[in-house]
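Since every read-out is calculated from the coordinates, none of them should be taken as a lab result. The model shown is predicted, which means the values in this text are computed figures rather than measured ones. Every residue, glycine among them, receives a Cβ derived from its backbone with ideal geometry; neighbour counts consider all protein chains shown.
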């Protein structure tokens, strides 16, 4: 199979203008956007992934609203603070101006402000995630993968998230979990690192796909004993074993480098 490099909206390389730590965060975040797209979890220019800027408590990186995920590079990311002020913005070719998605700012600033241990937040609108978000039963812990999310959080839909007043409710709904289903909306995962958050979203997406496939067969599903579900859930927690994503991430970066290393620009 021939692999074709993706055409990217070119911007000036920012590597010499930021700290080494911020540059690494930019590279990993750009990679995460590319991977979300590669694994079929993007929605044109919609949705958002953010990462806290190392050494800057009140700043995070997020996508410029108007770029496809396959176009995002380390230098094209915007740096904003918790009040929505743009702290660093690249110059795009052709004089194009890209700002921040308002809903993205509200959702991500809410979590970064309230949870200093969270480094990365991912939000998607995939068809499996949206489908499960409409089910009264929620996500069923009936596969080994979905048992990882046996205590997943839920947030009721009350309109597009544009008002800053929604931040407290979002944080309260998330609680101490690292994954949440936004009812009638989509999915959200968090992690101390980008690899952790991506791994959680990949597995949550797979859990939703599996549930839809099983339910569509119109046959009785097997219930797993509650104590087995709980033991499996505990076994999947970062405090029980190493954080997820640590082994995956280098391999995923190698995969991206084979396809198109432009995310590193």
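Scaled to the globular estimate 2.2 N^0.38 Å, the Cα spread of the stretch 1-146, given as radius of gyration, is 1.12. Going from the fewest other Cβ atoms within 10 Å to the most, the residues 136, 83, 56, 22 appear in the order 136, 83, 56, 22. Within the listed set 248, 223, 168, the residue fluctuating most in the Gaussian network model of the chain (springs between alpha-carbon atoms under 10 angstrom) is 223.
Overall, the anisotropy analysis places the stretch 95-138 in the oblate class: the square-rooted eigenvalues a ≥ b ≥ c of its C-alpha gyration tensor yield a/c not less than 1.5, with a/b not exceeding b/c. The packing ranking of peptides 202-210, 73-81, highest mean first, is 73-81, 202-210, where packing means the average number of other beta carbon atoms within 10 angstrom of each residue. Rounded, prolate or oblate: which one fits the stretch 118-159, using the alpha carbon gyration tensor with axes a ≥ b ≥ c (rounded when a/c is under 1.5, else prolate when a/b beats b/c, else oblate)? Oblate is the answer for the stretch 118-159, as a/c is 1.5 or above yet b/c matches or exceeds a/b.
For the chain, the relative contact order works out to 22 percent when only alpha carbon pairs closer than 8 Å and six or more residues apart are counted. The P(r) of the stretch 71-144 has a tail past 20 Å containing 52 percent of all C-alpha pairs. Remark: 148, 258, 183, 102 ranked as 258, 102, 183, 148, counting other beta-carbon atoms within 10 Å and listing the fewest first. Among 26, 254, 151, the order by Cβ neighbours within 10 angstrom, fewest to most, reads 254, 151, 26. For the residues 142, 17, 63, a GNM of the chain with alpha-carbon springs under 10 Å puts the largest fluctuation on 17. Would you look at the GNM of the chain, springs on alpha carbons closer than 10 Å, and say which of 192, 231, 30 moves the most? The residue with the greatest mean-square fluctuation here is 231.
The angle between the Cα long axis of helix 194-215 and the main principal axis of the chain comes to about 40°, on a 0 to 90 degree scale. What the Cβ-Cβ distance of residue 171 and residue 13 gives, at R0 = 41 Å and to the nearest 0.05, is a FRET efficiency of 0.70. Axis of helix 226-235 versus longest Cα principal axis of the chain: the two differ by about 30°, to the nearest ten degrees. Each principal axis of the Cα cloud of the chain was evaluated for its coordinate range; sorted largest first, these ranges are 57, 50, 33 Å.
Helix 248-259 axis versus longest C-alpha principal axis of the chain: approximately 50°, rounded to the nearest ten.
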